[in-house]
């Protein structure tokens, strides 16, 4: 326990901290599963007819991955904003590597914090705000990094995932 406290002191004071589920389990109807199976079967048939076995393998791997992912229960992830950076579970992101942030707050649809990194090889980080006040989180973050005020909608990839219930 002393080591954990020491690490927190090295990262500065914790300004905000909350937990969120690793992923959201979408509510799927029987018809969704029916169409998912039909689509998978048609894609496999296309791959076989065009003699594209690599595509067939990719479809099978994607299907197995989705099945395994949604059979398990999402774990709770801890996120913290500190004076020296961002802490996501055991990973620490110092402010120097974070490019900017934006918050999409539409209570009935999405309430997420999006973090972009300076390195193009690091993907965008999406953090659900849960019961956190977006105004307070924005106030804390603007002291350390820039806010991208041009973003007003959730990223296209996340909108498609929500639409397809992936």
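Worth a mention:
- The set of residues in the range 83-109 that are within 16 Å of residue 153 (Cα to Cα), out of contact with any helix residue (DSSP H, G or I) (no Cβ under 8 Å at 6 or more places or on another chain) and part of a strand (DSSP E or B) comprises 100, 102, 104, 106.
- Residue 34 assigned to a strand (DSSP E or B) and either modelled with pLDDT of 85 or more or not assigned by TED's automatic domain parsing to the domain that holds residue 151 (or both): no
- Residues of the range 130-157 that turn out to be under 19 Å from the mean Cα position of the chain (by Cα) and in contact (Cβ under 8 Å) with a residue 40 or more places away in the chain, as a count: 12
- Residue match in the range 136-152 (condition: within 30 Å of residue 28 (Cβ to Cβ), touching a strand residue (DSSP E or B) at 6+ places or on another chain (Cβ under 7 Å) and not in a loop (DSSP other than H, G, I, E, B)): no
The values are calculated or read from the model by the stated rules, or taken from the named source; none is laboratory data. Only a predicted model underlies this, so the values are computations on that prediction, with no experimental measurement involved. Note: ideal-geometry Cβ built from the backbone for every residue, glycine included; neighbour counts use all protein chains shown.
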